[in-house]
Amino acid sequence: MKEALYLHESTALINFSAAYCQTTDEMLSSDTFKYVLGRYLAALRKTDLDLYNWAMKDRPLTDAVNDITRLMKILMVLEISEITHPFLDEPELLTKLIEEGYNFWRNHQRCSVIRTGSTSSLQLANFMDADSRFNQLVLAVYRGAQEKVQGRKNRIYRQLQAGTNASMVIRDIRWNVPEGYEALKGIPFVDSMLLRTPLLLHPRSNKRKGSFKPTDVNPLSYAQINRDEWFCYPAKVGSLLMHIYFHRDYSFSGITLANLFELATDVEVSKRKPDCIVLFGIKDEDLECKYHLDQNTGIWIGKVPSQTIIEYFGYMKKMCLTLHNVAMMARGWLPLHGSMVNIHLKNGRSKGVVFIGDSGAGKSETIEAIQMLGEDEILSIDVVFDDMGSLHVENGQIVAQGTEIGAFIRLDDLDKGSPYKTMDRSIFMNPETVNARVVIPVAPYSLIVKNHKVDYFLYANNYEDKIGVNLAANAADMKATFVQGKRCAMQTTDEVGLSTTYFANPFGPMQHPDICDPLLDRYFIALDEAGVKTGEVYTGLGVSGADDDHLERTARAVLHMIDED
């Protein structure tokens with residue numbers, strides 16, 4: 001990124017390495033300020049024509065911008081009684097112009113970008129202080145003008161994030177770029193990140209549609225990539241290294257990754273070949289989300305084409321997890337679409353419980369209901385994974401690992417008994433709408449990549465009007481239920497009604513049943529050999545007219561089962 005400021009739709013990227021203002025005069029004298037002011041006035045024409053006409057005075061846009069900029073500079077220095085300007089004859093309208101301009105800026109999702117090795121006066125070690133000073137500088141300009149025009153100090157101050165919502169430090173890292181991947185050379189990697197949480201985002205899309213398709217064509221063979229417009233978040237997805245490249249138009253999808261996947265170090269990036277690569281926001285006439293296995297390098301590559309709908313974070317997350325799943329199947333591990341928790345009881349027992357099911361089946365809700373009921377019996381609950389994990393056999397035991405350090409959850413599904421205790425560190429998406437989402441940091445990376453013993457393997461049944469848990473005599477008796485993957489859709493995708501998905505996992509297994517079938521045969525035998533109790537749990541979330549306490553009674557049965565084991 002070369003520009004000092006990049007605005008696209010609701011995204012604003014401020015390049016501190018290209019320009020960094022340290023005084024109000026420097027800010028008001030900058031081309032960046034005039035550019036934002038011009039964009040604000042153009043937008044005002046659509047939102048408040050009367051205020052627009054008052055501010056423009058039938059002048060060219062450039063003249064209006066220069067005049068308002070001069071007035072703002074004067075307001076920073078002189079008392080209102082010393083200033084002569086026609087705008088001051090109507091202070092209420094001038095106050096409104098200032099307020100609406102401040103809101104126009106703040107309605108953008110704003111991120112500062114700092115590139116290491118820059119020759120600017122900004123020191124990398126102080127990037128958090130620099131970002132904070134920028135925030136104070138924007139506030140100083142706004143409040144200085146607003147209070148001067150209204151003729152008095154404010155009595156109530158709300159310390160909003162006036163500058164940025166996030167900050168990225170990026171750097172060039174040399175890595176062993178394979179032949180045919182030259183388009184990725186020179187794209188900077190995220191080195192560090194600052195999130196001003198809780199962070200509220202408003203993507204224009206709120207649901208994911210369809211699934212991802214395998215393709216025989218490597219997306220890199222035709223992708224048009226301008227390295228000045230891209231960043232790379234090097235993620236540790238489970239035990240895999242994934243280079244997640246995102247176009248700057250989707251910067252906040254990339255930024256949200258910080259709450260979901262561990263950020264790899266520059267040493268890990270330079271010394272290790274990526275297992276997977278994601279290209280997010282590719283300009284492509286083919287609007288389908290696809291992935292490809294490069295047989296020459298062994299790298300799985302996914303592409304998500306640029307379009308409004310991919311602003312929904314599910315597209316970023318699920319493409320990453322699809323690549324993880326197909327890569328793990330190739331290694332002989334069984335990917336799971338589900339949740340796993342380690343429940344530690346006050347009597348000293350600990351049990352690892354896995355819930356399997358497609359979106360909306362009630363996996364997370366069951367965990368939360370157990371937490372609410374178990375205050376007298378449960379010491380703690382560790383979330384190993386909330387959406388995707390994988391099974392493998394270690395020393396005759398069935399063990400599981402997770403993929404994410406965070407959870408991407410429907411806001412409506414959270415309750416006061418939730419095991420997620422870090423809401424103040426969260427990223428909220430469209431919190432005022434149906435299917436509002438929150439991305440919550442949950443567990444340290446060291447926890448999710450450990451081998452966790454599985455004691456219970458349960459299918460989340462949200463469509464039958466039953467309560468409690470049904471354990472099978474052996475895992476083979478339940479295999480058909482798991483493979484059929486039946487559930488009632490619950491507003492999390494564009495599906496409605498009762499549907500089936502192969503192994504409840506449309507992110508890899510569904511696309512490759514020829515690879516997954518032998519794995520299922522092997523693991524359902526291994527479940528019995530390892531003594532894992534297999535069955536289904538009845539969440540009732542898709543049952544019309546289900547009792548209000550349906551899930552609570554089921555959670556009580558699950559907790560009783562664990563306590564009596």
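Scanning the range 435-455 for any residue that is surrounded by fewer than 21 Cβ atoms within 10 Å (Cβ to Cβ) and over 28 Å from His344 (Cα atoms) turns up at least one such residue.
Number of residues in the range 424-434 that are open to solvent by 30 Å² or more (accessible area, probe 1.4 Å) and either at pLDDT below 80 or among the polar types (S, T, N, Q) (or both) equals 1.
At least 1 residues being closer than 30 Å to Ile255 by Cβ and open to solvent by 40 Å² or more (accessible area, probe 1.4 Å) is the threshold, and among the helices (runs of 4 or more DSSP H) wholly inside the range 8-72 those reaching it are 24-29, 31-47. Restricting Leu75, Leu97 to those that are of a type outside the set (Phe, Trp, Tyr) and touching a residue at least 60 places away in the same chain (Cβ under 8 Å) reduces the list to Leu75. In the set Ile170, Ile255, Ile187, only one residue is open to solvent by less than 10 Å² (accessible area, probe 1.4 Å), in a strand (DSSP E or B), in contact (Cβ under 8 Å) with a residue 40 or more places away in the chain and among the β-branched types (Val, Ile, Thr); that residue is Ile170.
Among the residues of the range 503-542, those that are within 29 Å of the chain's Cα centre (by Cα), closer than 19 Å to Leu323 by Cα and of a type in the set (A, V, I, L, M, F, W, C) comprise Phe503, Ala504, Phe507, Met510, Cys516. Taking the numbered list (1) assigned to a helix (DSSP H, G or I); (2) free of Cβ contacts under 8 Å to residues at least 60 places away in the same chain in turn, Val304 passes all entries but (1). Within the range 338-349, the residues that satisfy the criterion of being touching a Gly at 6+ places or on another chain (Cβ under 7 Å) and closer than 18 Å to Gly360 by Cα are Gly338, Met340.
Residues that are charged (D, E, K, R) and either modelled with pLDDT of 95 or more or open to solvent by 30 Å² or more (accessible area, probe 1.4 Å) (or both) were ranked within the range 456-487; the one that is nearest to Phe408 (Cα to Cα) is Lys486. In the range 435-446, the residue that is farthest from the chain's Cα centre (by Cα) out of those that are modelled with pLDDT of 85 or more and within 22 Å of Glu311 (Cβ to Cβ) is Ala436.
Here is the figure for the range 290-301: residues that are open to solvent by 10 Å² or more (accessible area, probe 1.4 Å) and either in a loop (DSSP other than H, G, I, E, B) or touching a Cys at 6+ places or on another chain (Cβ under 9 Å) (or both) total 5.
The values are calculated or read from the model by the stated rules, or taken from the named source; none is laboratory data. Everything numeric in this text was worked out from a predicted model, so none of it was measured. Methodologically, a virtual Cβ is constructed for each residue, glycine included, from the backbone with ideal geometry; neighbour enumeration extends over all protein chains shown. The area values use the complete protein model at the heavy-atom level, side chains included, leaving out ligands, DNA and RNA. Shrake-Rupley method; radii C 1.70, N 1.55, O 1.52, S 1.80 Å.
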